[in-house]
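*Asks:* The structure's right below; bear with me while I get my questions together.
Read the figures in this text as sums done on the coordinates, not as results from a lab. Nothing here was measured: the structure is a model prediction, and the numbers come from that model. A quick note on method: Cβ atoms are made from the backbone with ideal geometry, for glycine too, and the neighbour counts reach across all protein chains shown.
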Amino acid sequence: MIISSHLNKIKQLDAGMALLDPLEDFELWFWSAMVAGTNAVNAALHLAQVTPSESAFPSQPGLYYVPEAEGNKFILKEFGDVLHVGRPPIKKEVPLDIHKMMEAMERIEKFRDPCTRGDTEPNAEIISQCKSAYRECIDLLQIRVLDNQK
Amino acid sequence: MTPEFHLQKALRIEKSLAKLSPDLFEIRIEAAMLASTHWLNRAFHHLGVNGNDSDVMHTYMLTVNEFRKLESVNSELITMMAEIEDLRPLYVRGDMPGAVEAADHAVTLLGRIRAISENISLMKANPQSL
């Protein structure tokens, strides 16, 4: 997806998170942070020209929808948006700040299946870890965006 | 997970979904996907086609044989679930126009999946209701 659309998605998902209680609405609050953080990673990868800013939307790792006048089509691509950090892995050198963003996202992702699909009860400590990792990811993106504007 | 677990998770997600405004289409589509998956798993556990240790995560992660098996048991459930999943690349991970309408559609499909799932659970609890 193009960079401006990734940034819009982060705004949208942040707006949703603001309406949700992190504990009471954990599943959607968490999912919003995970999807917004993944958009941040994708935007940063595009800004660093590691992956392309383009109208191609991931369906499965390596498989992308591409909108065309005569209808959407699927294409296979090596480099494009990741669905989650590591899906697919980026087989290129990744700048250190984006590597830190990815590590932050992995700290969020480790709670995905246990807390949204499994029987691990979310608690204040899990929420605190997710908030901190999400903040780190978004802050690092902001720095890269500002650097890019210089 | 157990049918009761899926029920509680689906209800929780639907309660959270009700707090979101229509313009927040990304998370509304994701909420429809998450809650529908719990309703679908509850139904397939009650139908005896999948045990409590065998949950569907995403329809596109099923093998062709698994998809066909579930489709043969209840084609509406698995087909509507796949329809919600197919909205995600275009409107959650993509920026295609018509996203608010797509989210409304996803929530409508969630309602239909829930109704079928609840009906299956009702028949399981009370076979005389057939």
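*Asks:* Only counting other Cβ atoms within 10 Å, I'd like B:Ser75, A:Ser32, A:Ser5, B:Ser16 sorted with the fewest neighbours first.
*Replies:* Values: B:Ser75 11, A:Ser32 28, A:Ser5 18, B:Ser16 24.
In increasing order of surrounding Cβ atoms, one gets B:Ser75, A:Ser5, B:Ser16, A:Ser32.
*Asks:* What fraction of the Cα pairs in the protein assembly as shown, stated in percent, has a spacing above 23 angstrom?
*Replies:* On the way: 21260 of 39060 pairs.
Within the protein assembly as shown, distances greater than 23 Å cover 54 percent of Cα pairs.
*Asks:* So how do B:Thr79, A:Thr38 line up by other beta-carbon neighbours within 10 Å, fewest first?
*Replies:* Values: B:Thr79 14, A:Thr38 28.
Ranked by crowding around the Cβ, least crowded first: B:Thr79, A:Thr38.
*Asks:* Which ordering of A:Phe79, B:Phe25, A:Phe111 is given by a fewest-first count of other beta-carbon atoms within 10 Å?
*Replies:* A:Phe79, A:Phe111, B:Phe25
*Asks:* Next question, about the same structure. Could you work out the relative contact order of chain A? I mean the mean sequence separation of Cα pairs under 8 Å and 6+ apart, divided by the number of residues, in percent. Walk me through the numbers before you get to the answer.
*Replies:* Values: 188 pairs, mean separation 37.8, N = 150.
With pairs under 8 Å counted, the relative contact order is 25 percent.
*Asks:* Can you check what the net charge comes to around B:Ala125, using other residues whose Cβ is under 13 Å from the Cβ of B:Ala125 (Lys, Arg +1; Asp, Glu -1)? It would help to have the intermediate numbers written out before the result.
*Replies:* Details: positive: B:Arg42, B:Lys124; negative: B:Glu4, B:Glu118.
Within the 13 Å Cβ shell, the charges total 0.
*Asks:* Right, something else. Rule-of-thumb check for chain B: C-alpha Rg over 2.2 N^0.38 Å? Walk me through the intermediate numbers first.
*Replies:* Working: Rg = 14.6 Å, N = 130, 2.2 N^0.38 = 14.0 Å.
In units of the globular-protein estimate, chain B measures up at 1.04.
*Asks:* Dipole magnitude of region B:3-123 about its Cα centre, charges +1 at Lys/Arg Cβ and -1 at Asp/Glu Cβ only, in debye to the nearest 20? Write down the numbers at each step before the final one.
*Replies:* On the way: 12 positive and 17 negative charges, 59 e Å.
Result for region B:3-123 is approximately 280 debye, rounded to the nearest 20.
*Asks:* Could you state the principal axis extents of the C-alpha atoms in chain A, from the largest down, to the nearest angstrom?
*Replies:* Principal extents (Cα only, largest first): 45, 37, 28 Å.
*Asks:* Continuing with the same structure: Place +1 on the Cβ of every Lys and Arg and -1 on the Cβ of every Asp and Glu in region A:1-136, take the dipole about the Cα centre, and give the residue among A:Ser132, A:Trp29, A:Ala104 whose Cα lies farthest towards its positive end.
*Replies:* The residue sitting most towards the positive pole is A:Ala104.
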